[in-house]
Amino acid sequence: MQKQTISLTVNDKKFTLDIDVRQSLADVLRKQGFTSVKQGCGVGECGACTVLVDDMAVDSCIYLAVWADNKKVRTTEGECRNGKLSPVQQAYVDAGAVQCGFCTPGLVMTTTSFLERNRDRKVTREEIRTGHAGNLCRCTGYETIVKAVEKIVDVAEEE
C-alpha cells in the first residue's frame, strides 16, 4: 500500500491527510464525516456520490482522492449557511424532490453546478434534464427534480 499526503479544502475547512493512493475521494470524504457523499454504484454511473471539485461536478467514487490535492471540494453539508438550506436544497424540499433521499445529495450538487454554469442565461427543460442525466433516482420520476430546478432558474420557452 502506497501512502501519500494530500491537502484539500472541504466546505471551507482545510484538511491534510495521509491516504492510500488507491482511495477514492468518496471514501476519503466519508471517513472525514461527510456522509452526504453516498456510495451507490461505485463505478460512476448513478451520481449519488457527486461533489464539486473546484466547482466542477465529479463522481467521487471514481475520482481518486490524490487528484483532489490542493483543490477545493464542496459537499451537500457545505451548502447550508448559518443553519439555513441553500436555495437549491430548499427548492428540492419545496418541490417534494427528496423522496427516500439517497440520491438527493448528489442531485443537489449536480443542480448547484448546473445553475452556476448557467447563471446568466435562460435554460430549457430539456437542458435541465440533460444536465442531470448522470444522476439516477428510483423514487421521484424526475419530474419533481426538474420542477425544483425550474423554481430557481430562468426557464426559456421551448419551441
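Structural remarks
- Out of 93, 123, 98, one residue alone is of a type in the set (A, V, I, L, M) and more than 29 Å from residue 30 (Cβ to Cβ). It is 123.
- Residue-level analysis places residue 29 among those that are farther than 22 Å from residue 131 by Cα, under 17 Å from the mean Cα position of the chain (by Cα) and in contact (Cβ under 8 Å) with a residue 40 or more places away in the chain.
- Candidates 57, 48, 97 - the one that is part of a strand (DSSP E or B), within 23 Å of residue 141 (Cβ to Cβ) and not charged (D, E, K, R): 57
- Among the residues making up region 111-151, those that are outside any loop (DSSP other than H, G, I, E, B) and surrounded by fewer than 17 Cβ atoms within 10 Å (Cβ to Cβ) are 116, 117, 125, 126, 129, 130, 143, 150, 151.
- Search result, residues across region 12-41 that are part of a loop (DSSP other than H, G, I, E, B) and either closer than 14 Å to residue 102 by Cβ or touching a Leu at 6+ places or on another chain (Cβ under 6 Å) (or both): 35, 36, 37, 38, 39, 40, 41
- Matching option when the condition is hydrophobic (A, V, I, L, M, F, W, C), at pLDDT 95 or above and surrounded by fewer than 21 Cβ atoms within 10 Å (Cβ to Cβ), among 28, 53: 53
- Here residue 103 clears all of (1) modelled with pLDDT under 95; (2) crowded, with 17+ Cβ neighbours inside 10 Å; (3) touching a strand residue (DSSP E or B) at 6+ places or on another chain (Cβ under 8 Å) except the condition numbered (3).
- Of the residues contained in region 117-140, none is found to be closer than 15 Å to residue 52 by Cβ, more than 15 Å from the chain's Cα centre (by Cα) and in the same structural domain as residue 10 (by TED's automatic domain parsing).
- Residue 35 vs. criteria under 21 Å from residue 148 (Cα atoms) and of a type in the set (Ser, Thr, Tyr): no
- Scanning region 63-100 for residues that are touching a strand residue (DSSP E or B) at 6+ places or on another chain (Cβ under 8 Å) and of a type in the set (Asp, Glu) yields a single hit, 69.
- Out of 108, 73, sole residue that is in a strand (DSSP E or B), buried (at least 18 other Cβ atoms within 10 Å of the Cβ) and modelled with pLDDT of 95 or more: 73
- Every test in (1) closer than 29 Å to residue 133 by Cβ; (2) touching a helix residue (DSSP H, G or I) at 6+ places or on another chain (Cβ under 8 Å); (3) modelled with pLDDT of 95 or more is passed by residue 21 save one, and that test is (1).
The values are calculated or read from the model by the stated rules, or taken from the named source; none is laboratory data. Remember, it's a predicted structure, so these values are computed and weren't measured experimentally. Cβ coordinates were reconstructed from backbone atoms using ideal geometry, including for glycine residues, and neighbour counts include every protein chain displayed.
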